[in-house]
Structures are given as structure tokens and as C-alpha cells.
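Novice: Structure below; questions to follow.
The values are calculated or read from the model by the stated rules, or taken from the named source; none is laboratory data. Everything numeric here is computed off the predicted structure, so don't read it as measured data. Cβ placement follows ideal geometry from the backbone for every residue including glycine, while neighbour counts extend to all protein chains displayed.
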Amino acid sequence: MQDDLSNTFPLSKTKVLRGNRRIAREKVLQTLFAYHKSGTDIDILFEHIFSRDFNFGDEELPLLKDKILRPDEVWEIEADIPINWGEAEKQFASKLLSSTIKTAPLIDEKMKTTSSNWDLDRITLIDLILIQMACTEFVNFEDIPPKVSINEAIDIAKKYSTDKSGNFINGILDAMLVSLTSEGLVIKTGRGLKEKKDNESKDKKKNRESKNKKSSSELKDEKM
């Protein structure tokens, strides 16, 4: 009979992790994954995964100096660290969850039309959810720059999915961003708009430099 790890390795009463958007995205991923696998009510899953209650017991075993933890001990500690969520992170996670569920059918359809090489049935569930989440941020979170959404999806994929998932997700999101932007579905304000303008300015500068080089080359040829 397997020992109860919760009794063998009591959770820390003092170590608390402060919630942030990266962790919130991970919790949304976990919630959506469980939803697709179990069909359990999404609100129940979200409450269970995002707002966990911790039972530490009456006593805590003393920490042993220089003790080498077994893999199951490390897993237990990392999995059950209490998270102190701020109101902003809670609202972000809740909006991202509900918006992804609503936007997913549109994203899936756009993926099919953007490239015939993407068979949704062959994409791992975790990768597909991360793509849906990032694209949802493209179209529903005006203050988040697309580059941030892409980088977050790639980094989370490295933690939860396969070694090749990062490059795969990056390629799809780049193409999806172009497609969604061309249809006027990506509208950014504030920080997100600033990054877009900066990128447009860089593109214009490159075009001017390219034209200047071409003009200089043509003038040189004429003199010769």
C-alpha cells in the first residue's frame, strides 16, 4: 500500500509563492486540460486548481540540513506551495479562461484555413490549448503585446510539453498573428499598441534604408 505523501512530507507553513501572470497562465492551462479530459464543470475545476485550500496539520516536521530530497518529495513540495493571488491576477486568469473557451472554435477554424499542414487532431492537447490561449490574448487582451503572448506560450510549453513544442508553437503563432491581424481582429492599446508602433517604425526604417542603398547603387552605376 502506498504511503500517504501528504502525511509523510508536511507542506511548508511559511513558503508562499506570490501569484503572477505566468503562474495564472499555467493554472488556466491546467484547468482547460482537465476540462477537456474529464468534462467536469469548468467553474468547479477552476476553483479547485486556482484557489486551493491547504491542510497543514497540527505539527510540522523539522527540516534536516543537507538532506537530499527524493523525486517524490521534490514533486510534493513544488506542487503544493500555497500561492498568494492578487486581485489583478485573479481577474486576468478568470478572463483568460472564459475568453479562451469562447474564442477556441474561431482559432481552430482559422488554423485550418491558414495552413493545410496543421491537422488539429495530431497536435497534442497541451500545445493546442497554449495556441488557443495565446491567440485569445491576441484578440481579447488589448494591453498585452503579441510578442509577450508568444513568448509566454513558448516558455510554458517547454515546461509542460515536448522538446519540440516551443518551435512548433512559435511557428503557428507567428502565422496566426499575421492572419488575425490582416482580418482586423488584433487591436492593441497602451503597451501593446506601443510595441506595434515600434515594430512598424523599425520596418519603415528598414524600407527607407533599403531604398537609399538601392538609389546609391543606381547612381553609382550611372556615373560608371
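Novice: When you scan the range 160-185, how many residues do you find that are more than 15 Å from LEU128 (Cβ to Cβ), outside any helix (DSSP H, G or I) and not aliphatic (A, V, I, L, M)?
Specialist: Of the residues in that region, 3 qualify.
Novice: Determine which member of the set GLU87, GLU59 is more than 22 Å from LYS158 (Cβ to Cβ), modelled with pLDDT under 55 and of a type in the set (Asp, Glu).
Specialist: GLU59
Novice: Tell me, please, whether a residue that is modelled with pLDDT under 75 and in contact with a Pro (Cβ under 8 Å, 6 or more places away or on another chain) can be found in the range 17-32. Please lay out each step first, then the result.
Specialist: Within the range 17-32, the first condition is being modelled with pLDDT under 75, and the residues that meet it are none.
Scanning the range 17-32 turns up no residue that is modelled with pLDDT under 75 and in contact with a Pro (Cβ under 8 Å, 6 or more places away or on another chain).
Novice: For the range 107-123, indicate whether the set of residues that are out of contact with any strand residue (DSSP E or B) (no Cβ under 8 Å at 6 or more places or on another chain), part of a helix (DSSP H, G or I), at pLDDT 95 or above and among the polar types (S, T, N, Q) is non-empty.
Specialist: There is no residue in the range 107-123 that is out of contact with any strand residue (DSSP E or B) (no Cβ under 8 Å at 6 or more places or on another chain), part of a helix (DSSP H, G or I), at pLDDT 95 or above and among the polar types (S, T, N, Q).
Novice: Here's a follow-up. Can ILE49 be described as at pLDDT 60 or above, farther than 30 Å from ILE150 by Cβ and either part of a helix (DSSP H, G or I) or touching an Asp or Glu at 6+ places or on another chain (Cβ under 9 Å) (or both)? First the steps, then the outcome.
Specialist: Values: at pLDDT 60 or above: yes; farther than 30 Å from ILE150 by Cβ: no; either part of a helix (DSSP H, G or I) or touching an Asp or Glu at 6+ places or on another chain (Cβ under 9 Å) (or both): yes.
When the stated conditions are applied, ILE49 does not pass them.
Novice: Would you confirm, using the coordinates I've provided, whether SER98 is of a type in the set (Ser, Thr, Tyr) and modelled with pLDDT under 85?
Specialist: Criteria not met by SER98.
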